[in-house]
Amino acid sequence: MNHLGPNQLIYLVLAAQWTIVLSLIAFAGGAVLGLGLALARVSKIAALRLLASGYIQVIQGTPLLIVLFLSYFGLGIMGYKLVPLVAAGLSLTLYAGAFLGEIWRGCIEAVSKTQWEASDCLGLNRFQQYAYVILPQAVRLAIPPTVGFMVQIVKNTSLASVIGFVELSRAGQIVNNSTFEPFVVFSCVAAIYFALCYPLSLAARALERKSHAAK
Amino acid sequence: MPQSEAMVRVAGVVKEFGPLRVLHGVTFDVARGQTVAIVGRSGSGKSTLLRCIAGLESIQGGAIEVCGNAVGLPGSANRARLRRDVGMVFQSYNLFPHLTVERNITLALTLVKKQPKTEARKVAAEVLGLVGLMDKIAAYPEQLSGGQQQRVAIARSLALSPQVMLFDEVTSALDPELTAEVLAVMEDLARRGMTMITVTHEMGFARRVADLVVFMHQGQVWEIGPTVELFANPKTAEFTQFIGSEL
């Protein structure tokens with residue numbers, strides 16, 4: 001039987017890279033989807049608002065694990081066999097998009113109504129109002145909660161282990177299967193997650209303080 | 001255009017917020033170059049009236065025309081035209097906090113009027129000169145006093161060379177000293193022949209600068225007339241009481 005040694009630790013760190021890759025995919029995809037959802041939620045068109053809020057309700061009311069099962073096993077049985085990375089990336093994108101959409105909608109609505117009126121009186125059209133007046137202000141409000149949510153994304157990538165994607169958690173299970181030292185192994189795994197998430201938490205808190213100070 | 005032709009025509013305007021009727025058929029005309037002061041107690045509907053003229057509120061009855069263009073009815077097609085003709089200054093300044101003073105002014109010039117950047121910057125310098133804030137061109141709004149912010153807001157509207165300027169209680173958030181500097185800018189504009197409609201609590205300013213005073217009460221034009229005449233011979237008990245309490 002093996003003991004936890006340098007080789008196993010290197011294996012864990014290499015797997016952590018996939019955790020990072022998956023987090024980045026989820027964040028990038030979630031950002032695109034989330035922006036679309038946020039804009040749809042504040043749209044003047046009722047159908048768009050309804051569609052977006054319906055989507056957000058469904059995703060927020062469904063465990064991420066089930067979304068993962070659906071996109072890996074569910075789509076697989078229907079003939080769309082996705083590799084684990086794609087299935088996990090897709091699921092996390094759907095998940096992150098719903099939450100970011102809701103966070104960002106709040107930030108857009110937090111920009112004072114008078115900014116809309118002032119830019120309207122200057123003759124800006126709706127697209128110009130968003131691009132030059134509203135979104136630049138909403139982005140400032142959005143940075144702290146968005147960075148905070150990235151912590152959730154990093155931790156939730158661990159669920160990808162259940163469809164056989166070898167990221168940090170799955171790598172921990174594999175190492176444990178050969179060393180049989182679960183407490184030590186999973187402590188190492190936890191430490192690596194913490195090392196990834198703690199800087200993000202710190203950044204979120206610092207940014208929040210900064211944005212309060214700026215007011 | 002002859003002096004007598006109305007620049008702004010407000011005819012029987014009715015405004016409702018749900019079941020609440022706040023304007024009960026308001027009528028008056030503003031001629032080119034005239035300065036009009038709309039006065040009255042809080043809740044008399046004067047700000048709402050101004051917002052209707054600015055096209056920020058829809059109206060449920062009557063008609064508003066600015067430079068011959070209809071305003072405020074649902075689906076008014078000439079909104080862009082109205083935006084060119086009417087400048088609006090708000091009580092809360094509403095500068096764009098993330099942009100410099102200069103960009104606050106050039107934004108609409110480049111986006112809406114499609115002016116080249118260099119030309120827009122020249123206009124910005126010009127209008128900032130008019131309000132005496134040339135030295136603040138690179139500042140951000142939060143670095144300015146309330147009075148300075150309000151003068152920038154006036155400059156921002158002026159840059160688009162509107163035919164009519166609307167002022168909605170623009171000094172209500174300012175202390176007396178800052179109020180004076182903003183009113184000085186507005187008096188200067190009036191002297192230059194700008195057509196202005198001002199909702200104000202500054203009775204001194206109304207007496208000094210306005211050609212026409214509109215006294216609003218309970219969503220109606222209660223008294224209207226040339227400033228000197230109106231203040232000398234108030235016809236209604238409400239207006240008498242109103243100017244009595246202001247003194």
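The values are calculated or read from the model by the stated rules, or taken from the named source; none is laboratory data. Since this is a predicted model, take the numbers as computed values, not measurements. Note: ideal-geometry Cβ built from the backbone for every residue, glycine included; neighbour counts use all protein chains shown.
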Please verify whether A:ALA40 is surrounded by 15 or more Cβ atoms within 10 Å (Cβ to Cβ) and either touching a residue at least 60 places away in the same chain (Cβ under 8 Å) or not basic (Lys, Arg) (or both), treating the condition exactly as stated.
yes
Residue within segment B:69-89 that is at pLDDT below 90, closer than 17 Å to B:ASP168 by Cβ and touching a Ser or Thr at 6+ places or on another chain (Cβ under 8 Å) present:
yes
Only unsatisfied item for B:ALA63, checking (1) within 14 Å of chain A (Cβ to nearest Cβ); (2) modelled with pLDDT under 95, is (1)
Pairs, first within 8 Å of another protein chain (Cβ to nearest Cβ) and surrounded by 16 or more Cβ atoms within 10 Å (Cβ to Cβ) in segment B:104-117, second of a type outside the set (Ser, Thr, Tyr) and assigned to a helix (DSSP H, G or I), C-beta under 6 Å, six or more apart:
B:LEU111/A:GLN128
From the list B:ASP188, B:ASP211, which residue is buried (at least 16 other Cβ atoms within 10 Å of the Cβ), in contact (Cβ under 8 Å) with a residue 24 or more places away in the chain and closer than 13 Å to B:THR35 by Cβ?
B:ASP211
Quick check on this structure: which one of A:SER71, A:SER119, A:SER91 is crowded, with 20+ Cβ neighbours inside 10 Å and within 14 Å of another protein chain (Cβ to nearest Cβ)?
A:SER119
Within the bounds of segment B:42-54, is there any residue that is farther than 24 Å from B:SER245 by Cα, in contact with a Gly (Cβ under 9 Å, 6 or more places away or on another chain) and in a helix (DSSP H, G or I)?
yes
List pairs: first residue in segment B:82-97 and more than 8 Å from chain A (Cβ to nearest Cβ), second residue of a type in the set (Phe, Trp, Tyr) anywhere in the structure, Cβ distance under 8 angstrom, at least six positions apart or on different chains.
B:VAL89/B:PHE167
So in segment A:104-116, with the set limited to residues that are more than 8 Å from every other protein chain (Cβ to nearest Cβ), surrounded by fewer than 18 Cβ atoms within 10 Å (Cβ to Cβ) and not small (Gly, Ala, Ser), which one is farthest from the chain's Cα centre (by Cα)?
A:LYS113
Looking at segment A:122-136, which of its residues are within 7 Å of chain B (Cβ to nearest Cβ) and within 23 Å of the chain's Cα centre (by Cα)?
A:PRO136
Being within 14 Å of chain B (Cβ to nearest Cβ), surrounded by 17 or more Cβ atoms within 10 Å (Cβ to Cβ) and either closer than 27 Å to A:GLY34 by Cα or not aliphatic (A, V, I, L, M) (or both) is the requirement here; does A:VAL154 meet it?
no
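Just to check your reading of the model, which residue among B:GLY12, B:GLY18, B:GLY43, B:GLY33 is surrounded by fewer than 16 Cβ atoms within 10 Å (Cβ to Cβ) and closer than 23 Å to B:ARG192 by Cβ? Break it down into steps so the answer makes sense when it comes.
Working: B:GLY12 fails: closer than 23 Å to B:ARG192 by Cβ; B:GLY18 fails: closer than 23 Å to B:ARG192 by Cβ; B:GLY43 fails: closer than 23 Å to B:ARG192 by Cβ.
Only one candidate passes the filter, namely B:GLY33.
Just one of B:SER172, B:SER161, B:SER145 is closer than 18 Å to A:LEU122 by Cα and surrounded by fewer than 17 Cβ atoms within 10 Å (Cβ to Cβ); which is it?
Details: B:SER172 fails: closer than 18 Å to A:LEU122 by Cα; B:SER145 fails: closer than 18 Å to A:LEU122 by Cα.
That would be B:SER161, the only listed residue that is closer than 18 Å to A:LEU122 by Cα and surrounded by fewer than 17 Cβ atoms within 10 Å (Cβ to Cβ).
If you go through segment A:48-61 one residue at a time, do you hit one that is without any contact (Cβ under 8 Å) to a residue 60 or more places away in the chain and either under 15 Å from A:VAL162 (Cβ atoms) or outside any helix (DSSP H, G or I) (or both)?
Of segment A:48-61, the ones without any contact (Cβ under 8 Å) to a residue 60 or more places away in the chain are A:48-61.
In the following step, the residues that additionally are either under 15 Å from A:VAL162 (Cβ atoms) or outside any helix (DSSP H, G or I) (or both) were identified as A:61.
Yes: segment A:48-61 contains one or more residues that are without any contact (Cβ under 8 Å) to a residue 60 or more places away in the chain and either under 15 Å from A:VAL162 (Cβ atoms) or outside any helix (DSSP H, G or I) (or both).
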Can you name the number of the only condition in (1) surrounded by fewer than 16 Cβ atoms within 10 Å (Cβ to Cβ); (2) in contact with a helix residue (DSSP H, G or I) (Cβ under 8 Å, 6 or more places away or on another chain) that B:SER245 fails?
(2)
